[in-house]
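Notes follow once the structure below has been shown.
The values are calculated or read from the model by the stated rules, or taken from the named source; none is laboratory data. The model shown is predicted, which means the values in this text are computed figures rather than measured ones. Heads up: the accessible areas ignore ligands, DNA and RNA and are worked out on the full protein's heavy atoms, side chains in. Shrake-Rupley method; radii C 1.70, N 1.55, O 1.52, S 1.80 Å.
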Amino acid sequence: MTEKDKDMQANGQPEAEGFQDINSDENMSGSTHLNDAVPEENELDKVKSELDELRKKYLLLNADFDNFKKRNAKERIELINTANKEVIIALLDVLDDSERAAKQLETATDINVVKDGVSLVFNKLHSVLQSKGLKPMESLNEEFNADLHDAITEIPAPAEEKIGKVLDVLQKGYYLNDKIIRHARVVVGK
């Protein structure tokens, strides 16, 4: 007991509740620290093992992601290399027809037959390209649109209503599946 406790007992005052003898607290804390040391080591080992486990998961996830990126890049290269295959195969028929037409041009005597042959080859080419999603852009007499047209030059408009409109198309523009692949080269009225 401390001197203060002795004085309190001598004066007839009971010890305040919740207060303990400091020495008894030290005794308890000394034994508690020994017991706490073991759980702290266990907790440290537990945290280290969790950290190691998370590192392993991270490394596996990182390796999986790297493999995904490599596989995706390889598939993209293969797709790019073979993307035109379908179109080229479809155009081979037109190429064959063109070669046959060229042979016929050498021996043909009737110009109308030659014109019909060339017209058939052109129509076949046009239909093959349309089936693959190619669509010509209609520009003549339309309002000039910088998103669709490349203005080569401006000329005086023949009429007031032709100002700012496309007067001539020097090179057609095309869409591929509703996406512009070539802008039309046009002459605009001013």
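If I filter the range 91-105 for residues that are over 33 Å from the mean Cα position of the chain (by Cα), aliphatic (A, V, I, L, M) and not in a helix (DSSP H, G or I), do I get at least one hit?
So far as the range 91-105 goes, no, none of its residues is over 33 Å from the mean Cα position of the chain (by Cα), aliphatic (A, V, I, L, M) and not in a helix (DSSP H, G or I).
Please determine whether any residue of the range 46-67 is among the acidic types (D, E), at pLDDT 60 or above and open to solvent by less than 80 Å² (accessible area, probe 1.4 Å). Talk me through it step by step, then tell me what you get.
Start the filter on the range 46-67 by keeping residues that are among the acidic types (D, E), which leaves 50, 52-53, 64, 66.
Imposing the further condition that a residue be at pLDDT 60 or above reduces the set to 50, 52-53, 64, 66.
If we keep only those that are open to solvent by less than 80 Å² (accessible area, probe 1.4 Å) as well, we get 52, 66.
For the range 46-67, residues among the acidic types (D, E), at pLDDT 60 or above and open to solvent by less than 80 Å² (accessible area, probe 1.4 Å): present.
Just need a number here: residues in the range 77-106 that are open to solvent by 70 Å² or more (accessible area, probe 1.4 Å), among the acidic types (D, E) and under 11 Å from L125 (Cα atoms). Steps first, please.
In the first step, residues of the range 77-106 are kept if they are open to solvent by 70 Å² or more (accessible area, probe 1.4 Å); the result is 77-82, 84-86, 88-89, 92-93, 95, 99-100, 103-106.
Still in the list and also among the acidic types (D, E): 78, 86, 93, 99, 106.
So of that shortlist, the ones also under 11 Å from L125 (Cα atoms) come out as 93.
Looking only at that region, the number is 1.
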